[in-house]
Structures are given as C-alpha cells and as structure tokens.
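Read the structure below first, then the notes.
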C-alpha cells in the first residue's frame, strides 16, 4: 500500500481531476453529430429526400436546388417550415425555421433545443453576433447549430429560431460553386 503525504495527495487529486476533465472535454468535442434527417443521410438525392418527406406525412415543394416543407413538427417543436438544400443533387444542409412575434413562446423553444443538444453533445457557450445567439456543434464532418435572432419588421420586434444540420464538406463545395 502506498501512503501519500497531504500535499502529495492534493497534487494527485488535482492531476487526476485535470486528466478526467480533459478526457470529458475531448469526448464532447468529438461526439459524432447526427448525419441523417428522417433516415436521409447527407449526400442523398432529392428523390430520396422527397420520398422520406412523404413517408412523414408531409408534402414536399420543389424549388430549384431546395425542397421546402411547411408546418412541420420536429424535435417536439412546431416549425413554420424546413428547407433541404442540395448541391449536385446531394443533400448537404437542412434548416428548420420558426418565426414568431411571441418572445416567450419562441424563447421556450430555443431553451428546449439548447437543453436537448447539450444533453446529446455536451454543453456549449453561446456566441453572439449582432442580434443572433449561436450555438454550434461539429465533428469535423457534420455540424448542428441553433441560431436565435430578433429583427424589426413594420415597427415590431420579430424572432426567428433556426435549427441547422449540415455536412460541412458538401457545404464548402456548394459555397465554392456559388
């Protein structure tokens, strides 16, 4: 049996805690981000995504390189619409959007999303850019973000909440082509 002096024990405990915290923070940073929506992996064609949308009971609306679905339930939130983005007929991004003039309702949805993603991927600090709060998780291939912003329209404050899933590699290809 090894006996440690009081100071040695403190050092041992501190080093152990530091090692554990680095392991936990590393695992949070490398947590695999979801790579499919309704069973459609990134890279899926418009046809495959449209079929998955129909299986969910929604009607897809085609608009060039996008498919949009209105009035959708996802992650226990009623979103106004979801937009699936394609590059060379490959799904690379999906935005669920909720617009409201009711600050308390949309803030509650933001808080729920933030809590759910924190549980799944670990807690993250909010970044704030202009009028937008951003929480971003990534695994060097895919990412998921929450964007919560306010804007003035017709002298009234409105709010928009976006839940964005993205394949960062396909996104970079799409952006380079634009």
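What follows is calculated from the coordinates using simple rules that are stated; it is not laboratory data. Predicted model, so just to flag it, every value in this text is computed and none were measured. In this analysis, Cβ positions are derived from the backbone assuming ideal geometry, glycine residues included, and neighbour counts consider all displayed protein chains.
For this structure, a couple of remarks:
- Estimated FRET transfer efficiency when R0 is 25 angstrom, pair residue 88-residue 134 (beta carbons, to 0.05): 0.35
- For the range 34-177, projected area of the alpha-carbon convex hull averaged over all directions, nm²: 9.2 nm²
- Over the range 65-131, all Cα pairs binned in 10 Å intervals from 0 give whole-percent P(r) values of 18, 39, 37, 7, listed from short to long.
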